[in-house]
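Data first, discussion second: the structure below is written as structure tokens.
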Amino acid sequence: MNSSTMFPSAPGPIGVFDSGYGGLTILHGIRQLLPQYDYLYLGDNARAPYGTRSFDVVYQFTRQAVIKMFEMGCHLIILGCNTASAKALRSIQQRDLPVLDQARRVLGIIRPTAEIIGNLTRNGHVGLFATEGTVRSNSYALEIAKLWPDIKLSSVACPFWVPLVEYNEADSPGADYFVKKRVDELMLKDKDIDTVILGCTHYPLLMPKIVKYVPSGVRIVSQGEYVAGSLQNYLSRHSDIEQNCTRGGTCRYYTTENPDKFKSSARIFLHEDVVVNHVDLK
């Protein structure tokens, strides 16, 4: 397969992909640090959530999105979705990129968090809140063990947290019950936890509730800033990739769902109105 006939060769935007809206928190963190680049955000909202889907389905959906974003001009794509990073990234990197285009790159958001966590914890006891799919994948445990073998990681799946955010209930009194329940469950697993990773890109919107219920002094790690720092470092080390990223300070948004619905929900994450276009994946 000749990629030059498939994908535009001209420089293009940095792509950020998510199954839904949570990746907007990753995009926001990246744009705060690297505002000079152009960005393209794609949410597969019509088929969200990915968290409960099988490895094969997440891989197929994510692969479709990656190919579409390559066709739209991206040379570098960030999977701003923990589930896609956990279930699809390795296969896409090892199986697909050598065939599709060896010069293009797809990066995830789990490794950047794993890389930094050993510098953030004081005692090596780390907690993880994530979707069921991410917890089951064991991706965080594996990545952290490679880099920080002495860290003890305890994980809890939080199935109701994403709907709370997407239905704009993150600030509601009802959210307290679901947040406190999972915080208590995590601290029961290891009372010495001093650092907690928010392993889903929706969870930063529940930060006030999480801070309210975790023990005093526990550090909460939101991924956006660390992914942004990792990307900045990556671009500084890979000039061949960086020179294929256009610099116009723009951001385009695409969804597989209804654009008006995306625009309304995106306001929850970005606190601003955005122009959104529909795109089909297949």
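Side notes on the structure shown:
- Across segment 27-147, C-alpha contacts under 8 Å between residues 6 or more apart give a mean separation that, scaled by the residue count, equals a relative contact order of 27 percent.
- Highest GNM mean-square fluctuation among Cys158, Cys74, Cys200, for the chain modelled with Cα contacts below 10 Å: Cys158.
- For the chain, no complete DSSP H run has alpha carbons reaching 30 Å or more along its own long axis together with a mean Kyte-Doolittle score of 0.5 or higher.
- The candidates Thr52, Thr113, arranged from most to least accessible area with a 1.4 Å probe in the full protein assembly, appear as Thr52, Thr113.
- For segment 71-129, alpha-carbon Rg over 2.2 N^0.38 Å: 1.40
- Modelled label reach - Asn138, point 7 Å along Cα→Cβ, segment 63-90 residues with backbone N closer than 19 Å: 83-90
- Taking a straight line from the alpha carbon of Lys68, these aspartates and glutamates sit under 16 Å away, with near neighbours fewer than eight places off in the same chain left out: Asp18, Asp44, Asp96, Asp101, Glu257, Asp280.
- Plainly put, segment 51-207 has a radius of gyration that is 1.00 times its Kirkwood radius, both from alpha-carbon atoms, as the Rg/Rh ratio.
- Based on C-alpha pairs under 8 angstrom that are at least 6 apart in sequence, segment 86-204 has a relative contact order of 33 percent.
- Glu71 contributes an accessible area of around 90 Å² to the protein surface, as traced by a 1.4 Å probe with all chains present.
- Histogram of C-alpha separations across the chain, 10 Å bin width, %: 7, 30, 37, 21, 5, 0
- Rounded to the nearest 20, the size of the Cβ-charge dipole of the chain about its Cα centre is 360 debye, with Lys and Arg at +1 and Asp and Glu at -1.
- To the nearest 10, the accessible area of His202 is 10 Å² with a 1.4 Å probe.
- Ala10-Val211 FRET efficiency (beta carbon distance; Förster radius 30 Å; 0.05 resolution): 0.10
- Surface/4 of the Cα convex hull for segment 1-65, nm²: 5.7 nm²
- The 1.4 Å probe gives accessible areas that order Glu169, Glu257, largest first, as Glu169, Glu257.
The values are calculated or read from the model by the stated rules, or taken from the named source; none is laboratory data. Quick caveat, the model's predicted, so the values are computed rather than measured. So basically every Cβ, Gly included, is an ideal-geometry build from the backbone, and we count neighbours across all protein chains shown. Surface accessibility is based on the protein's heavy atoms, side chains included, excluding ligands, DNA and RNA. Shrake-Rupley method; radii C 1.70, N 1.55, O 1.52, S 1.80 Å.
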